[in-house]
Each structure stands twice: as C-alpha cells, then as structure tokens.
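The values are calculated or read from the model by the stated rules, or taken from the named source; none is laboratory data. Source: prediction; values computed, not measured. When we count neighbours, we look across all protein chains shown, and the Cβ atoms used for this are built from the backbone with ideal geometry, even at glycine. For the accessible areas, the whole protein counts, side chains as well, though only heavy atoms, and no ligand, DNA or RNA atoms are used. Shrake-Rupley method; radii C 1.70, N 1.55, O 1.52, S 1.80 Å.
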Amino acid sequence: AFRRAPAAAATAAEPPCAFAFAAPGPGPAPPPPLPAFCEAPGAEPACCPLAFRVDPFTDYGSSLTVTLPPELQAHQPFQVILRYTSTDAPAIWWLDPELTYGSAKPFVFTQGHSVCNRSFFPCFDTPAVKCTYSAVVKAPSGVQVLMSATQSTYVEEEGVYRFHMEHPVPAYLVALVAGDLQPADIGPRSRVWAEPCLLPTATSKLSGAVEQWLSAAERLYGPYLWGRYDIVFLPPSFPIVAMENPCLTFIISSILESDEFLVIDVIHEVAHSWFGNAVTNATWEEMWLSEGLATYAQRRITTETHGAAFTCLETAFRLDALHRQMKLLGEDSPVSKLQVKLEPGVNPSHLMNLFTYEKGYCFVYYLSQLCGDPQRFDDFLRAYVDKYKFTSVVAQDLLDSFLTFFPELKEQSVDCRAGLEFERWLNATGPPLAEPDLSQGSSLTRPVEALFQLWTAEPLDQAAASASAIDISKWRTFQTALFLDRLLDGSPLPQEVVMSLSKCYSSLLDSMNAEIRIRWLQIVVRNDYYPDLHRVRRFLESQMSRMYTIPLYEDLCTGALKSFALEVFYQTQGRLHPNLRRTIQQILSQGLGPGTEPSGAAADSEPGLLLGDEAPGGAISLRDVNVSA
C-alpha cells in the first residue's frame, strides 16, 4: 500500500478540485481504482467515496481524474486512498527461479524509467512532480525486500517491510526488488546485495572503490544527500545496464565480468545522485539535463580517481559509438537534438539514445571550457545543485545560472557566439557543435588506430605479421572494444582478412570478457565466417541478458544465417525471460520470409513491451547504446 504525503496545492494549469494520475496500463483493463476521501491525515480518519473517471491517454497508460469535495478548503491537508489491482504491469518483472543465477527462489524487480511506474502504482508520472513516499511490503519468510528509500525496517513477526523516502523524488525513481539476496559491506556507507553465488565476486570488485568514488564526487559537487549508497546486482533479465534509483543502484549482474565497464557504470550512477536524482529534468524532452551532466560528472570523477588517459579513452570509445549512430540515423534526425520534441502519444523511453548522453556531455564540456578552468566549473555545478536540489529544472534554469555565476561570460555574450549559440546547441540536429580535446588519452588510443590501420593495409600477409606482434592481451578492455568496433564498422571485410583475424585473435578473445567476445562474434556473423559459428552458438547458449543476445540475433537475421539463429533460439528460449523471448521472436519473424514464421511456444507469445533501443528491425543495436539510465 502506498500512502503519499499531503498533496501540494494545485497549479494554475490544474482544476482546483481534480487530480489526474497516470493509471496502470496497458494490457487487460484492471478493476478501476476506488478513491476514498479522508478529511485529514491522522488516526482513523473518516472517509467518503469520491467521484472519479478513467480516460484513455496512450497505449502506455490511462488518465485517472479524482474530484475532491467542494467543501475542501485551500491548503487544507487531506488524503486520497486508491484501492486498485494491476494485471499487466511492464514496470514489474517476475522471474521464475531458473531465470536467476542461483535457481533457488523466485525473484521480482521493478524498472520505472521512463514512464513504466504508472503500471506499478497510480502516480503523477512526470519528472516535473516530486514527492516523498512510504511503502509497506509483505513478503514470505526468507525473501529479502529492498526499495529505493532512505529508511527501512523489518517487522519479523508480521513478515512486513516498511520503507520511507524522506526526500522528494519523481515517480520513476521509486524501485523495489525482492528475492534471494544477501548483503556485504563494501564501505562505511555502502553495501552490495546479490544472490549468494555472486556476492563474493561483487564484493571483491567493489570493496573500497565506491567510497573512493563518492568522496571524489563530494569534493567536486558537495555533500552526498541520500545517506546510504547501496548496490543490488540483478539477474540478466534486467532490461538495461544500470539504474540510478536513490540509495539503491540497480545493476545487471552480467557486467561483473567486464571490470572497466563495471567501473564506468557504477561511477555514472554515483554521478546521478547529484545530476538526475537531486536535480531532475522537468520534462522528458530534456533528458540531457540528467544524462549529459551525469556523464560530465562521471568523467570528472574518473579523471580524479583513474587518471585523464583512461577517461579520454572511455570518452573516445563513446564518441565513436555516437558517430556510428549518427551515420545510421542521418544528420537531420530529430532525435539528435538535445531538446527533442515529444509528440503526443510517443513513449519517452523511445527518446533514449547516445545523443542524450554524449551530445549532452559535449555541450556541458563546452560550457566548462568557456570559463577556462574545470575547477571553477565544478564550483558552479556545486552551486547549481545546492540551489535546485530536490526540484526539477529546464535547460534555461541551467544556462541562466551559468551566466549569472560567470558574469564576465555574460558580458561577452558567449551564448550568442556564431556557430556555437546555446540555442543551436539545444535545437540543431546532427553531431555536437564541438568535441573535447582527448589528446591526454593518446597513449591508449594511438595503438588502437595503428593496429586497425595494419589490418586494412596491403599486402595482407605482411600486415598480419606486423599485427600479430602486438599483444592485445595487455590492452585495456576499452582499447580492445574500440579496435573491434572499428573492424565492425568496416564489415563486411575481405574473407582472407577475416580468416587472418580469426587465426590471430579468435582463441585469445575467447578468454576475455563478454563485452569483447560479443564484438568479435558480431564480426564473425556480419562476415558469414562459418568456422567460428560454434563460438556464436556457445555464447548465446550461455547468455540470458538483452545486451548480449539481441545484437547477435539482429545481425544473424540480416544476413545469411537466419536458420542458424532459429535453431539456436529454439534450443535456448526456455532459459530466457518471456519479455526477451518475445523480442527475439519478433526479430526472427522480421528476418524470415512469408510463411516461415517461428512456430511453437515462441509464436504463441503475446507482444511484449519494447524499449526504443530494443525495437527489432532498427539499425541501432543495444551495443551502440549500452544504456545506463
């Protein structure tokens, strides 16, 4: 049961005696909520039924309007109680035991970003509205329940967990997880939660590190506002890489084997504690205010804790992916704007792309360069967070604050510089108007470029001999991933080049982490290199996450390997979450000719909820997005 704090007075845009909630949906219509009006908060208040209506809104929710009694005075505290059930809730992911790592107990988690939590509980499902919340969750013995809350207690004799979030948050940051989870402390204000079989790995990789990152962020941007910073590792069915739920970051367990990606993903979520959670974009059309600023802060933290060279390498890797996405979408794509126009009925989740992160980052980096000193810009961001914490903002709030903090820049009219106008940054399509200087990472990026050039040189035998002398086993993960991405961009390659690449790297890459292996296997698939198909099969047989399955199935179904994809899918579908199974089935169906649709259990599934990055048939794979919300 969710009980909201007393509601604020209605804004001028709202009718004074009506409150509109986003109600659960889509799917079969649940029983309508039953609102009851309570005269005032307190013990055993008197309640009376209220008039309400549920109106169509979009395919991802309905509008619930509740009419309040006319005798209610302005600013008078009150409660509205809604009793409801939800049948098909895309925010709530139920897992059978076999879909977890331990295969011991069922598991459930929620994922509210961007507008899924309206299927979890009735809410003002917009980032412009923030509130505190309390929750009571009843669970069977032996099941650990966690929520993104600042306070939690467990009443054992009742089997009840009680949670309270003392700071106002938007609806999408309310999150719950329950299952066979155990804790381990990794710092003075942090612990990890994971299934017992994963806990030692998670602990060893993060012990001491999270406190180091939090402390670095506090030195840059001011006090951490949320009390604890805990992390829960979720089964591979978790649909994105990570989610910055306050006090309790959600991360997919699959990333544990890729150390550098784990570091970046956790630091990105740490940065969201200031940018996104404390100060939130007021509209989904300006998600860059959270993601662009969090990405900038993430890179300032990694520069402080891991050095400038590593930060520049990771940035080069991401900007490489941004330009790849640009080539696929075209420079006039409206989704490449920072201020994206959200048309009525469009799910905001479909706007998630690399422009939100990397073009947003480039604009923030440009602002930092205008003031001439990254530390002065850190001081500005600290003041910005202090001013707007626990509120929601628009871009003009950020930019006005920037020019106020740096009056000399306002006098110079830096917002109107030809070709770099702030308005153009926000509303022009295409690539960033300016990109950062990454020369401090040249010691790591130059070897990548040199090796790629060798493999595209003539004659091949001489180039291959020179390339084989370079030991990439000593490279950082981002270096190897960047090299393989360059080869992917050039695919299909001449068959003799693929043969030489396989001879040189295939066995070596087999022993590396999944971020490396999936890139090599995509090269295998895009070049129809049959001798290494057994490695593709083995990889798909061992993976249950969207980010390590969908890109390969997309590639398999756009080439000559559709039948191979079908064969592997039918052998592995029982180990996949139903939502992922439906997504892959749609990919397979689009990749097949008329009359050859998949049959059996997969074909009988109902269509699932697809995030924008996961929609089959699109030119952009999850590999190019790798969303950490």
Working out 0.36 nm times the residue gap between GLN151 and CYS48, then minus their Cα-Cα distance, what length gain in nm do you get to one decimal?
-> 33.9 nm
FRET efficiency for SER466 and ARG538 from the Cβ-Cβ distance with R0 = 41 Å, rounded to 0.05, comes out at 0.85
May I ask you to evaluate 6.51 cos²θ - 1.76 cosθ + 1.60, the Karplus curve with θ = phi - 60°, for each residue of the stretch 125-141 and list the ³J(HN,Hα) values in order in whole Hz, giving x for glycine and proline?
-> 8, 9, x, 6, 10, 10, 7, 7, 8, 10, 8, 10, 10, 9, 9, x, 4
For the chain: accessible area per residue (Å², 1.4 Å) = 40 Å²
Which entries of LYS130/LYS410; LYS130/LYS327; LYS359/LYS410 show an alpha-carbon separation above 26 angstrom in the structure shown?
-> LYS130/LYS410; LYS130/LYS327
With a ≥ b ≥ c from the Cα gyration tensor eigenvalues, square-rooted, and the rule rounded for a/c under 1.5, otherwise prolate when a/b > b/c and oblate otherwise, the stretch 280-437 is rounded
Estimated distance in nm for a label pair at LEU426 and LYS205, the labels positioned 7 Å out from Cα along Cα-to-Cβ | 3.9 nm
Potential lengthening between SER563 and SER589 on full extension [0.36 nm per residue; Cα-Cα distance subtracted] = 8.2 nm
Helix 442-455 sits off the longest principal axis of the Cα atoms of the chain, rounded to the nearest 10 on a 0 to 90 degree scale, by 50 degrees
Helix-only [θ] at 222 nm, the chain, -39500 (n - 2.57) per DSSP H run of 4+, per residue, nearest 500, equals -11500 deg cm²/dmol
Length released on extending from GLU449 to LYS341, taking residue separation times 0.36 nm less the Cα-Cα span | 35.1 nm
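What FRET efficiency do you get for SER134 and THR65 if R0 is 22 Å and r is their Cβ-Cβ distance, rounded to the nearest 0.05?
Working: r = 24 Å, r/R0 = 1.10.
Calculated value: 0.35.
Express the carbon and sulfur contribution to the solvent-accessible surface of the stretch 280-437 as a percent, rounded to the nearest whole number, probe 1.4 angstrom. Each step should come with its number before you reach the end.
Numbers: 3000 of 6030 Å².
Carbon plus sulfur share of accessible area: 50 percent.
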